[in-house]
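As structure tokens, the structure follows; a few thoughts come after it.
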Amino acid sequence: MVGARNAAMGLNRIIDRHIDAKNPRTRSRHLPAGRIGLGEAAAFTAGFLALLAVAAWQLNPLCLKLLPLAVLALVAYPYAKRFTWTCHYWMVPAQFFAPFGGWIAVTGEVHPAAVALGLAVGLWIAGFDIIYALQDVAFDRAEGIYSLPASLGVPVALWAARASHAAAVALFLWLRFLLDLGAAYLVGVALAALLLAYQHAVVTPVDTSRAARAFNVNLVIGPLLFASIAADLLAL
């Protein structure tokens, strides 16, 4: 987890450094602002990729076999915005491998629950990535960045985000039946659904000024779902 997450962030910052330098919202990030050098960022990223590889090798053979696919997903996502408005959905495979890989790390096997959880997380994050992109519509259009809001318009983008989040909630509910989870998990999913609904209530086609606030709500959803599953397991 630590290796993949930090490697992904490092790759994203390195690949996007020239775009970040032009964007007023992102030009204060470490690389474009000159607070760290490209060599330092590359060493940081390489170190965490190595950590990911060593961890996969130590866990089990299936983790090691799937490692190239996980790394490919991490590398592909930052490039997608350069040529397709579907770029937000390239986030799905990148995020899919987190819970899916965690499951395999523990069990050494593929299970339908791992697939459902991976897709749920991927669609949830793709949905809020679309909302996050609302902050840069004017810049993306000026620079030829193919975000969904910049390419197809804010109303279409918001409907795509709603559909992604609705599908994510449905998959989280399906997980309840796959794992025979109880009431605590259902409460957690219900609260997560309310938080997702809040995001879509505060961001509208005529007012996207609260996109950052809506995005930050997602920081609560992961721990909330974790706590709800843990409560169910501890009650067994």
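The values are calculated or read from the model by the stated rules, or taken from the named source; none is laboratory data. Because the structure is a prediction, the values reported are computed rather than measured. Don't worry about glycine lacking a Cβ; one is built from the backbone with ideal geometry, like all the others, and counts go over all protein chains shown. The area values use the complete protein model at the heavy-atom level, side chains included, leaving out ligands, DNA and RNA. Shrake-Rupley method; radii C 1.70, N 1.55, O 1.52, S 1.80 Å.
Can you tell me which residues in the range 135-157 are under 23 Å from THR26 (Cβ atoms) and touching a Leu at 6+ places or on another chain (Cβ under 8 Å)?
Of everything in the range 135-157, those that are under 23 Å from THR26 (Cβ atoms) and touching a Leu at 6+ places or on another chain (Cβ under 8 Å) turn out to be PRO149, VAL154, ALA157.
Out of the residues in the range 81-102 that are closer than 16 Å to LEU52 by Cβ and of a type in the set (A, V, I, L, M), which is surrounded by the fewest Cβ atoms within 10 Å (Cβ to Cβ)?
ALA98
Does the range 184-217 hold any residues that are among the polar types (S, T, N, Q) and closer than 14 Å to ARG162 by Cα, and which are they?
If the condition is that a residue be among the polar types (S, T, N, Q) and closer than 14 Å to ARG162 by Cα, then GLN199, THR204 are the ones that fit.
From the residues in the range 38-53 that are of a type outside the set (Asp, Glu), free of Cβ contacts under 8 Å to residues at least 12 places away in the same chain and open to solvent by 50 Å² or more (accessible area, probe 1.4 Å), which one is nearest to ASN6 (Cα to Cα)?
Looking at the filtered set, the residue picked out is ALA46.
Tell me which residues, restricted to the range 71-80, are open to solvent by less than 20 Å² (accessible area, probe 1.4 Å) and small (Gly, Ala, Ser).
Scanning the range 71-80 gives ALA73, ALA80.
Check every one of the helices (runs of 4 or more DSSP H) wholly within the range 111-207 and list those with 3 or more residues that are out of contact with any Pro (no Cβ under 9 Å at 6 or more places or on another chain) and open to solvent by 50 Å² or more (accessible area, probe 1.4 Å).
Because the criterion is at least 3 residues that are out of contact with any Pro (no Cβ under 9 Å at 6 or more places or on another chain) and open to solvent by 50 Å² or more (accessible area, probe 1.4 Å), the helices (runs of 4 or more DSSP H) in the range 111-207 that meet it are 112-133, 137-143, 154-178, 183-202.
Are there any pairs, at least 6 apart or on different chains, whose C-beta atoms fall under 7 Å, with the first in the range 176-203 and within 30 Å of GLN135 (Cα to Cα) and the second of a type in the set (Ser, Thr, Tyr), and if so, which?
Matching pairs, first to second residue: GLY188/SER228.
Pick from LEU233, LEU224: which is open to solvent by 50 Å² or more (accessible area, probe 1.4 Å) and in a helix (DSSP H, G or I)?
From the options LEU233, LEU224, the qualifying one is LEU233.
Pick from ARG35, ARG29, ARG25, ARG82: which is free of Cβ contacts under 8 Å to residues at least 40 places away in the same chain and either under 21 Å from GLY122 (Cα atoms) or in contact with a helix residue (DSSP H, G or I) (Cβ under 7 Å, 6 or more places away or on another chain) (or both)?
ARG29
Quick one: would you say ARG213 is in contact with a Gly (Cβ under 9 Å, 6 or more places away or on another chain), without any contact (Cβ under 8 Å) to a residue 24 or more places away in the chain, farther than 15 Å from TYR89 by Cα and not polar (S, T, N, Q)?
no
Where residues in the range 208-221 are of a type in the set (Val, Ile, Thr) and not in a loop (DSSP other than H, G, I, E, B), which of them is surrounded by the fewest Cβ atoms within 10 Å (Cβ to Cβ)?
Filtering first and then ranking leaves VAL220.
Residues checked against (1) modelled with pLDDT of 95 or more; (2) touching a helix residue (DSSP H, G or I) at 6+ places or on another chain (Cβ under 9 Å); (3) hydrophobic (A, V, I, L, M, F, W, C); (4) at negative phi:
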site: VAL154; (1), (2), (3), (4): yes, yes, yes, yes
site: ALA160; (1), (2), (3), (4): yes, yes, yes, yes
site: SER164; (1), (2), (3), (4): yes, yes, no, yes
site: TRP174; (1), (2), (3), (4): yes, yes, yes, yes
site: LEU178; (1), (2), (3), (4): no, yes, yes, yes
site: ALA197; (1), (2), (3), (4): yes, yes, yes, yes
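Output the residue which, of all residues in the range 4-25 that are open to solvent by 70 Å² or more (accessible area, probe 1.4 Å) and not in a helix (DSSP H, G or I), is nearest to GLN135 (Cα to Cα).
ARG25
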